[in-house]
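The values are calculated or read from the model by the stated rules, or taken from the named source; none is laboratory data. Bear in mind that the values here come from a model prediction, so they are computed numbers and not experimental data. Virtual Cβ from ideal backbone geometry, glycine too; neighbours counted across all protein chains shown. Calculation scope for accessible area: heavy atoms of the full protein, side chains included, ligands and nucleic acids excluded. Shrake-Rupley method; radii C 1.70, N 1.55, O 1.52, S 1.80 Å.
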Amino acid sequence: VQLQASGGGLVQAGDSLRLSCAASGRTFSPGTVAWFRRAPGKEREFVARIGWIGGSTTYADSVKDRFTISRDDAKNTAFLQMNSLKPEDTAVYYCAAALGVYSDYRNPGRYGSWGQGTQVTVSS
C-alpha cells in the first residue's frame, strides 16, 4: 500500500487547511489511520487517529477542538481538517496506516505504511 499526502501550504494564523491521504496499491483495509507531524528541530509527534472500520477518533491535546480527522472508505482516503491554525502547527504532516487497532496508537512504530509528508506553514 502506498500513501500519498497532499493539501499542505502556507497560510496565516486563524486560517484552515484540509490535508488528504490517498491510498493506492492493493486493497486498503487498515485498522487505524493516523496523522503525525514533525516541526523543525522537534521529534515526530502524534496528531490524530481514526479507526478505519468504526470511525472512532483520538486527538492530541494540542489540536483537539481545532482539527478533525475523517475518512472516505469508498475512496480509500483519509482527511485532516485543520481549523484555527496557529504558528506552532507549522510542521511536515505525515499520514500513516496500521493493520490493527492498538492502545499505543501514538507510537509511530505501530504504523507500517507512511505517506511522504506535506508541509504546513502558518505565519503569524
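Conditions: (1) within 21 Å of Gln4 (Cβ to Cβ); (2) open to solvent by 50 Å² or more (accessible area, probe 1.4 Å); (3) within 14 Å of the chain's Cα centre (by Cα); (4) basic (Lys, Arg). Lys64 meets all but one. Number of the miss?
Exception for Lys64: condition (1).
Within region 11-48, how many residues are open to solvent by 30 Å² or more (accessible area, probe 1.4 Å), in a loop (DSSP other than H, G, I, E, B), in contact with a strand residue (DSSP E or B) (Cβ under 6 Å, 6 or more places away or on another chain) and within 23 Å of Tyr105 (Cα to Cα)?
1
Take the residues in region 49-61 that are open to solvent by less than 20 Å² (accessible area, probe 1.4 Å) and in a strand (DSSP E or B), then tell me which one is nearest to Val120 (Cα to Cα).
Out of the qualifying residues, it is Ile50.
Hey, could you check region 18-28 for residues that are out of contact with any Asp or Glu (no Cβ under 9 Å at 6 or more places or on another chain) and not basic (Lys, Arg) and say which is farthest from Gly51 (Cα to Cα)?
Among residues in region 18-28 that are out of contact with any Asp or Glu (no Cβ under 9 Å at 6 or more places or on another chain) and not basic (Lys, Arg), the one farthest from Gly51 (Cα to Cα) is Gly25.
Just checking, how many residues over region 67-118 are part of a strand (DSSP E or B) and surrounded by 14 or more Cβ atoms within 10 Å (Cβ to Cβ)? I'd like the intermediate steps shown before the answer.
First, pick out the residues of region 67-118 that are part of a strand (DSSP E or B): 67-72, 77-82, 91-98, 113-114, 118.
Add one more test, that the residue is surrounded by 14 or more Cβ atoms within 10 Å (Cβ to Cβ), and what stays is 67-71, 77-82, 91-98, 113-114, 118.
The qualifying residues number 22.
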